[in-house]
Amino acid sequence: MTDIPEDSKLTRSKSRWAELGKFLTGKTSRPEDSRLPPGQHLVRNWPVLDLGQTPNVARENWRLDIAGAIEAPITWTWHDLMSAPQTHKLSDIHCVTSWSRYDNNWDGVTTHDLMEAVRPRAEATHVLFTSNDGYTTNMAIEDFASPEALLVHSWEGAPLPLDHGGPVRLVVPHLYFWKSPKWIRRIEFATRDHPGFWEVRGYHNHADPWLEERYS
Ligand SMILES: Nc1nc2c(c(=O)[nH]1)N[C@H]1C(S)=C(S)[C@@H](COP(=O)(O)O)O[C@H]1N2
Ligand SMILES: [Mo]
């Protein structure tokens, strides 16, 4: 894992947007027929957003530590990941910078199956993530346990592209996309919350796009 780089120009702009409340519409009710959360626009491409470092970890060297308040801590290899039950999911992406992308086909392991394997203890309330580029993020265990949340290794039937977090990223589609860590290296079940990279730079701790939880 590398250290988090000095805040880049983009990081400084995004911190500033949090102060200014950029993209906020104030419309937080979900219309019956709306698939697009407030303040979002649809894109057909898939933009790349990250801290500017692209870790390149081959599948045979890939490791995922699953640690903390669980009965069965483990480090998963690629083989372990592929030996776990495999699930296909279709979901939409909502990025806080206002783009959304519909109908992404993902393959991977559900967080439900991951939790079956490691058995979180009753006192685990939050889940903290660390990535190979030093990025961190956090969420409540209830959000992690969403039936739509998936540890993803494939997109549209092919290996997840490196710039989108390959070989493995998390996808938690009911939250803004910064809560979906790319190049995931460690999942820690915790007994208290610990705000991540964007969460300490003015971004919302929960991040529900339907409630426009962009900034704190
Ligand atoms: N490891 C890591 N994960 C990350 C980020 C990052 O910088 N590093 N950026 C987050 C942000 S702000 C967004 S919007 C999405 C972008 O994912 P994409 O590049 O696949 O569109 O990744 C999230 N996960
Ligand atoms: Mo983002």
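The values are calculated or read from the model by the stated rules, or taken from the named source; none is laboratory data. Since the model is a prediction, treat every value here as computed from it, not as a measurement. These accessible areas exclude ligands, DNA and RNA; they are computed on the full protein's heavy atoms, side chains included. Shrake-Rupley method; radii C 1.70, N 1.55, O 1.52, S 1.80 Å.
Structure above, values below:
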{"item": "Difference of contour (0.36 nm per residue) and Cα-Cα distance, residue 123 to residue 58", "result": "19.9 nm"}
{"item": "Surface/4 estimate of mean projected area, convex hull on alpha-carbon atoms of the chain, nm²", "result": "11.6 nm²"}
{"item": "Estimated 222 nm signal from helices in the chain, with DSSP H stretches of n ≥ 4 weighted -39500 (n - 2.57), rounded to 500", "result": "-3500 deg cm²/dmol"}
{"item": "Whole-percent carbon and sulfur share, accessible surface of the chain, 1.4 Å", "result": "51 percent"}
{"item": "Exposure of residue 216 as accessible area (Å², to 10), given a probe of 1.4 Å and all protein chains", "result": "110 Å²"}
{"item": "Shape call, segment 80-147: gyration tensor on alpha carbons, a/c limit 1.5", "result": "oblate"}
{"item": "Under 19 Å from residue 14, Cα to Cα: lysines that are on another chain or at least 8 residues apart", "result": "22, 179, 182"}
{"item": "Principal axis box of segment 48-114, alpha-carbon based, largest edge first, Å", "result": "39, 28, 26"}
{"item": "Alpha-carbon spread of segment 1-110, three principal axes, descending order, Å", "result": "44, 40, 32"}
